[in-house]
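A short worksheet on the structure shown next.
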Amino acid sequence: MARGYPSTCKLYPTDLIYNSKTSNMAVSCQSLPEVRRSIIGQTLIFASLTLLLSWSCPALGKKKLYIGALFPMSGGWPGGQACLPSAQMALDLVNKRTDILPEYELELIHYDSMCDPGEATKLLYDLLYTEPIKMVLMPGCSSVSTLVAEAARMWNLIVLSYGSSSPALSNRQRFPTFFRTHPSATLHNPTRVQLFQKWKWTKIATIQQTTEVFTSVSDRPLLKNMFCSFLNCFMDSDSLNRQDARIIVGLFYETEARKVFCEVYKEKLYGKKYVWFLIGWYADNWFKIKDPSINCTVEQMTEAVEGHVTTEIVMLNPETVRGASNLTSQEFLNQLMSKLGGKNPEETGGFQEAPLAYDAVWALALALNKTVGPLKAKGRRLEDFNYNNRDITAEIYRALNTSSFEGVSGHVVFDAQGSRMAWTLIEQLQGGSYKKIGYFDSTKGNLSWYGNDKWIGPGPPADQTVVIEVFRFLSQKLFVSVSVFAGLGILLGIVCLTFNIYNSNVRYIQNSQPYLNNMTAVGCMMALAAVFPLGLDGHHVHRKQFPVVCQFRLWLLGLGFSLAYGSMFTKIWWVHTVFTKKDDKKEKRKHLEPWKLYATVGVLLVIDVLSLMIWQIVDPLHITVEKFVREAPKGDLDVLIQPLLEHCSSDKMNTWLGEGAQPRYHQYIKPIWVVYGYKGLLLLLGIFLAYETKSISTEKINDHRAVGMAIYNVSVLCMITAPVTMILSSQQDASFAFASLAIVFSVYITLVVLFVPKMRRLITRGEWQSDTQETMKTQGSSTNNNDEEKSRQLERENKELQKIIQEVQVLFLYVLLRSYRSHSPSWKCRFGELASWKCRSEGSLAGIVVRRARWLEMSFGELASW
């Protein structure tokens, strides 16, 4: 008789029922009719079916419920070494409880998966197709859990994992019946984000190994707005340097971590400027383990990893709380150590995850206990479960989904994806050992901070190099110095203008066209006034008012140039026009009409005004900021200086300033010439006209040679300063110095050349006194336009009479010569010999001819031609 069965329960081979559809073998206990059998036959039957009897007839009246488990005792993660004893401890305690599944007994059927999906596939089918029926499957590794959870739904099985952290397992469509007491790796992300916000970091870089368990971590929506990922860049330190990565999250296994930090040491990506975030489930001395794949010493690795932060799921309740198992976390550890027989925890695989396996069994037991009542109401029992029964699976799913209890690993609760919600432990490597610096409760969003974090620098580093924007301003000493010269030049212009106006009645001043000289003086003062806005920048005016300053620069320089240079150009143009024409036309143009000169200046001025107005309407000036290469300040500061320089510019500046002008060259010099082509032609033409008229002398414009000299100087200075200033546009001091000094020197030279000689002549010769007295005697006749006109008419008539007299004298001389030859045929002198004393002595008539020729200012050669 089998142990634990009633005395009336006897079994025959005919009672074995095989279900070919489900591949299940069931055994039924029936009453045995009294038949005659041999005692030997009964003994053989009972001996062969002892094992089957233990399955079908529960001991002590309890029905067994079977759990299929895969514990990796070896392989990449031998977590079963500690998790299996922990699960067995939980089963023993559950089975002893009378308030949890009193009618049932849980039994664990387990195999070693070696954390290998291929081996796990074989063992999974052994569990499914071998009696007894398993109600729940408990895999360990993420790779094994992925395989089991994806296949389990075909058998309506609940999967409860104790050691899977892959975020991919949170996909409910792919794994509809999957739960886990090990939190998802994505639970690290809320903790990291909380720390990033605490330390005010927004720029984060990630280095991750290309496996699903790591790549899916950075795919979470919460991190997409914060993370800048660098995939597989273990050796690509240039990417981190180029992106100025300071806060780096490393997602890789322990063996890869050693390779990464060996490169980190070589590339100096550690220290007070960097913070590394790693996964917390590495061994405490992982960086000290000798690894033949790296060529860094332990000291170098220790230096490189110092100060890094780890986030680790809390797998042991830090509080002294008695949960569903009536054990505190410390009591659980003591019992586990006793069951392990004193093995070193650091050498026992899965020791940290052992509380999760313990709570997984308790979660399953409490969920099954919760389903007893609802199933009984439906006329079903847990032992009725088979792989085709979806109702019981649905009840177990609902019970697990609503689980909430205190376990040795903390509060056990599952989210909508079946993942465990748990606390996260935050640690920092300080002095070669990990120190707890805080906890984060993801269920409540509460950060518990100890405040014992330590940094290599004065505090947490910045998430990127702090860039301080510094505007480059003009040197104030230079600005003041040039302004003084400009101010003195304006005073000189006022003196010259006053002198010219006061002495406008003096004939010498009148013959220099004083009104044009007045325009020149006014234009020079406007150009000098432009020096002041030319030196104004953000140091003096607000950014909003800066475009107004740009307008002042443009208009003052433009109009000042047109008045000053235009009036000088008009003078030299008139002189060239009058004195380089043919004699017949020259006489007609020698009469100077002043209004034509003024009209010429007006035309040049109107052209500038129209061009400036069109420019400002179509493409107004605005402020632009030029950025330079960042500079490192002196001292060991984690900052960079970003130099900036403000410019006056417009969208189509190269069109307004001439073909080929580049925007980066537009600074102080650009308002001087609105269109380089137009102004450049005027300068070149002025040089040409000044050269052509250098030897001409006229009393109508008696200072045209001084005007030509001024044009030479202005043109040369402008042509030299324009390209130099464009090249130096990024150097505000040099550019301002060249532009402003060119203006100052041009103005000084122009005023001195045009007005100082006049002042000197009037002072040294006293011409203004004699002219004034003469003017008083003649009652102002010298200033009367009609008298001047009469004087010019008399001059013309006098010249005409002289010409007529000369022609008559020549005719008279011709007649004398003819009569001399006719009356003195014996005279042997030729006409070419009349100049000789011999010929002159031969007769008084010959002497008369010679004297007449000299009086007519005729050469003897010309006389001979007659």
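If residue 82 satisfies all but one of (1) modelled with pLDDT of 90 or more; (2) in contact with a strand residue (DSSP E or B) (Cβ under 6 Å, 6 or more places away or on another chain); (3) not aromatic (Phe, Trp, Tyr), what's the number of the condition it fails?
Evaluating residue 82 over (1) modelled with pLDDT of 90 or more; (2) in contact with a strand residue (DSSP E or B) (Cβ under 6 Å, 6 or more places away or on another chain); (3) not aromatic (Phe, Trp, Tyr) leaves (2) as the failure.
Looking for whichever is of a type outside the set (A, V, I, L, M) and either surrounded by 17 or more Cβ atoms within 10 Å (Cβ to Cβ) or not in a loop (DSSP other than H, G, I, E, B) (or both) here; the options are 435, 454. Which one fits? Quick ask: steps written out before the conclusion?
On the way: 454 fails: either surrounded by 17 or more Cβ atoms within 10 Å (Cβ to Cβ) or not in a loop (DSSP other than H, G, I, E, B) (or both).
Residue meeting the stated conditions: 435.
Residue 164 passes all but one of (1) touching a Ser or Thr at 6+ places or on another chain (Cβ under 8 Å); (2) part of a loop (DSSP other than H, G, I, E, B); (3) not assigned by TED's automatic domain parsing to the domain that holds residue 68; which number fails?
Just one mismatch for residue 164, condition (3).
Given the options 311, 302, name the one that is modelled with pLDDT of 85 or more and in a helix (DSSP H, G or I). First the steps, then the outcome.
On the way: 311 fails: in a helix (DSSP H, G or I).
Of 311, 302, the one residue that is modelled with pLDDT of 85 or more and in a helix (DSSP H, G or I) is 302.
Among the numbered conditions (1) exposed (fewer than 15 other Cβ atoms within 10 Å of the Cβ); (2) at pLDDT 60 or above; (3) basic (Lys, Arg), tell me where residue 272 comes up short.
(1)
Which residue pairs have Cβ atoms closer than 8 Å, lie 6 or more positions apart in sequence or on different chains, and pair a first residue in segment 569-580 that is farther than 24 Å from residue 523 by Cα with a second residue that is in a helix (DSSP H, G or I) and at pLDDT below 80?
Final answer for the pair search is 577/589; 578/586; 578/589; 579/586.
Identify the residue in segment 538-582 that is among the small types (Gly, Ala, Ser) and closer than 18 Å to residue 595 by Cα and, among all such residues, is surrounded by the fewest Cβ atoms within 10 Å (Cβ to Cβ). So that I can check it myself, show each step before the final result.
In the first step, residues of segment 538-582 are kept if they are among the small types (Gly, Ala, Ser); the result is 538, 558, 560, 562, 564, 566-567.
With the extra rule that they be closer than 18 Å to residue 595 by Cα, the set shrinks to 562, 564, 566-567.
Numbers: 562: 27, 564: 26, 566: 24, 567: 27.
It comes out as 566.
Going by what's in this entry, would residue 729 be described as modelled with pLDDT under 80, touching a helix residue (DSSP H, G or I) at 6+ places or on another chain (Cβ under 7 Å), surrounded by 15 or more Cβ atoms within 10 Å (Cβ to Cβ) and of a type in the set (Gly, Ala, Ser)?
Numbers: modelled with pLDDT under 80: yes; touching a helix residue (DSSP H, G or I) at 6+ places or on another chain (Cβ under 7 Å): yes; surrounded by 15 or more Cβ atoms within 10 Å (Cβ to Cβ): yes; of a type in the set (Gly, Ala, Ser): yes.
Judged against the criteria, residue 729 is a match.
Inspect all residues belonging to segment 378-391 and state whether any of them is part of a helix (DSSP H, G or I) and without any contact (Cβ under 8 Å) to a residue 24 or more places away in the chain.
Among the residues of segment 378-391, at least one is part of a helix (DSSP H, G or I) and without any contact (Cβ under 8 Å) to a residue 24 or more places away in the chain, which makes the answer yes.
Can you find even one residue in segment 517-539 that is assigned to a strand (DSSP E or B) and of a type in the set (Phe, Trp, Tyr)? Please lay out each step first, then the result.
So in segment 517-539, the residues assigned to a strand (DSSP E or B) come out as none.
Checked against the condition, which is being assigned to a strand (DSSP E or B) and of a type in the set (Phe, Trp, Tyr), segment 517-539 yields no hits at all.
Would you mind stating whether residue 495 is out of contact with any Pro (no Cβ under 8 Å at 6 or more places or on another chain) and either under 22 Å from residue 566 (Cα atoms) or in a loop (DSSP other than H, G, I, E, B) (or both)?
Numbers: out of contact with any Pro (no Cβ under 8 Å at 6 or more places or on another chain): yes; either under 22 Å from residue 566 (Cα atoms) or in a loop (DSSP other than H, G, I, E, B) (or both): yes.
Spelling it out, residue 495 is indeed out of contact with any Pro (no Cβ under 8 Å at 6 or more places or on another chain) and either under 22 Å from residue 566 (Cα atoms) or in a loop (DSSP other than H, G, I, E, B) (or both).
Output the residue which, of all residues in segment 271-291 that are free of Cβ contacts under 8 Å to residues at least 60 places away in the same chain and not in a loop (DSSP other than H, G, I, E, B), is farthest from residue 194 (Cα to Cα). Before you say what the answer is, go through the steps one by one.
Quick first cut of segment 271-291, residues free of Cβ contacts under 8 Å to residues at least 60 places away in the same chain only: 276, 278, 282, 285-291.
With not in a loop (DSSP other than H, G, I, E, B) added as a condition, the list becomes 276, 278, 286-288.
On the way: 276: 15, 278: 15, 286: 26, 287: 27, 288: 30 Å.
The selected residue is 288.
Starting from segment 601-627, take each residue that is under 18 Å from residue 569 (Cβ atoms) and touching a residue at least 40 places away in the same chain (Cβ under 8 Å) and list its partners that are loosely packed, with under 12 Cβ neighbours inside 10 Å and of a type outside the set (Phe, Trp, Tyr), counting only C-beta distances under 9 angstrom and pairs at least six apart or across chains.
Once the first residue is under 18 Å from residue 569 (Cβ atoms) and touching a residue at least 40 places away in the same chain (Cβ under 8 Å) and sits in segment 601-627, no partner that is loosely packed, with under 12 Cβ neighbours inside 10 Å and of a type outside the set (Phe, Trp, Tyr) comes close enough.
Under the condition of being modelled with pLDDT of 90 or more and assigned to a loop (DSSP other than H, G, I, E, B), which residue from segment 323-339 is surrounded by the most Cβ atoms within 10 Å (Cβ to Cβ)? Break it down stepwise before answering.
Filtering segment 323-339 down to residues modelled with pLDDT of 90 or more leaves 324-339.
Keeping just the survivors that are assigned to a loop (DSSP other than H, G, I, E, B) gives 324-328.
Working: 324: 20, 325: 22, 326: 9, 327: 20, 328: 16.
Ranking the candidates gives 325 first.
Give me the residue from segment 296-308 that is touching a residue at least 24 places away in the same chain (Cβ under 8 Å) and out of contact with any helix residue (DSSP H, G or I) (no Cβ under 7 Å at 6 or more places or on another chain) and, out of that set, surrounded by the fewest Cβ atoms within 10 Å (Cβ to Cβ). Write out each step before concluding.
To start, the set of residues in segment 296-308 that are touching a residue at least 24 places away in the same chain (Cβ under 8 Å) comprises 296, 300-308.
Narrowing the set further to residues that are out of contact with any helix residue (DSSP H, G or I) (no Cβ under 7 Å at 6 or more places or on another chain) leaves 306-308.
Numbers: 306: 18, 307: 21, 308: 21.
Only one residue fits best here, namely 306.
Among the residues of segment 149-159, are any in contact (Cβ under 8 Å) with a residue 60 or more places away in the chain, on the phi > 0 side of the Ramachandran plot, not in a strand (DSSP E or B) and not hydrophobic (A, V, I, L, M, F, W, C)? Before the answer, list the steps.
From segment 149-159, those in contact (Cβ under 8 Å) with a residue 60 or more places away in the chain are 155-158; that's our starting set.
Next, from what is left, pick out any that are on the phi > 0 side of the Ramachandran plot: 156.
If we keep only those that are not in a strand (DSSP E or B) as well, we get 156.
Imposing the further condition that a residue be not hydrophobic (A, V, I, L, M, F, W, C) reduces the set to 156.
Yes, because at least one residue in segment 149-159 is in contact (Cβ under 8 Å) with a residue 60 or more places away in the chain, on the phi > 0 side of the Ramachandran plot, not in a strand (DSSP E or B) and not hydrophobic (A, V, I, L, M, F, W, C).
Return only the number of the condition from (1) without any contact (Cβ under 8 Å) to a residue 12 or more places away in the chain; (2) more than 22 Å from residue 601 (Cβ to Cβ); (3) in a loop (DSSP other than H, G, I, E, B); (4) not aliphatic (A, V, I, L, M) that residue 461 does not satisfy.
All conditions pass for residue 461, except number (1).
The values are calculated or read from the model by the stated rules, or taken from the named source; none is laboratory data. No experiment lies behind these values; they were computed from the predicted model shown. As a convention, Cβ positions derive from the backbone with ideal geometry for all residues, glycine included, and neighbour counts pool all protein chains shown.
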